[in-house]
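*Asks:* Mind looking over this structure? Questions follow.
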Amino acid sequence: MADYKVNRFLGGLAFVNVLLLDQLSKFWITSLLAPGETKAFCPCINFVLVFNKGISFGLLNQGKPWQFIVIGMAILLISLWVLRQYWYAERGAQSFCLGMILGGAVGNLLDRVFRSAVVDFIDLYVENFSLPFLQQNHWPAFNVADSAIVVGVFLLFFLYRNKEKKKKGKEPAG
């Protein structure tokens, strides 16, 4: 039997930490850099202030209003599904991952509501190496919320995958 209170606490902890870290990092970077300004952090990471009016990785940056409405509705439906999964999570790890995803989604939503664009600032790159699908050596700028969403989704995928493997191992041979 799942201890839903503990699971929800773990998910809530992830949610609050991701949201706080995301918003504090965006406050810090907007006070440190001017739009478009870049500061080197280490050999493969720059900080660059970008206001992303599009969706993930700058896609649809010049999009039409109807595209944002359709995408917004899809994101809303996915968020409601994630929230439902979080509420009924059977394991703490599952709830924690869902809390990360929700924290990231709310962090980016707050940017859209209060800034009309998402603050992106982490610029990963590899010198003298071009990513074939990007035609450049820099990954599109992203933020803490984006990272939490991606990590949460990948961890959730592996949790579900392992759960399915265990289920198949327990089934009697037919």
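We did not get these values from a lab; they are worked out from the coordinates using the rules stated. Since we're looking at a predicted model, the values are computed, not measured. Note that each Cβ is placed from the backbone with ideal geometry, even for glycine, and that neighbours are counted across all protein chains shown.
*Asks:* Can you list the residues of the stretch 20-45 with backbone N under 13 Å from a point 7 Å past the Cα of Tyr125, pointing along Cα to Cβ?
*Replies:* Only 37-45 fall inside the zone, counting backbone N under 13 Å.
*Asks:* Pop out the ³J(HN,Hα) list for the stretch 38-51 in order, Karplus 6.51 cos²θ - 1.76 cosθ + 1.60 with θ = phi - 60°, rounded to Hz; leave Gly and Pro as x.
*Replies:* So the Karplus estimates, Gly and Pro as x, are 10, 10, 6, 9, 7, x, 10, 9, 10, 9, 9, 8, 10, 9 Hz.
*Asks:* Same structure, new question: At a Förster distance of 41 Å, what's the computed FRET efficiency of Arg112 paired with Arg91, Cβ-Cβ distance as r, to 0.05?
*Replies:* Given R0 = 41 Å and the Cβ-Cβ separation, E is 0.85.
*Asks:* Then there is this: Using Cβ contacts closer than 10 Å as the measure, can you line up Asp22, Asp111, Asp3 from fewest to most? Present the calculation step by step, with values, prior to reporting the outcome.
*Replies:* Details: Asp22 24, Asp111 21, Asp3 11.
The most exposed by this proxy come first: Asp3, Asp111, Asp22.
*Asks:* Provide Ile101, Ile69 in ascending order of the number of other Cβ atoms located within 10 Å of each residue's Cβ, fewest first. Spell out each step's value before the answer.
*Replies:* Values: Ile101 28, Ile69 10.
In order of increasing Cβ crowding within 10 Å: Ile69, Ile101.
*Asks:* Between Val6 and Leu77, what is 0.36 nm times their sequence separation minus the Cα-Cα distance? Round to one decimal in nm.
*Replies:* Stretched out fully, the Val6 to Leu77 stretch lengthens by 23.0 nm.
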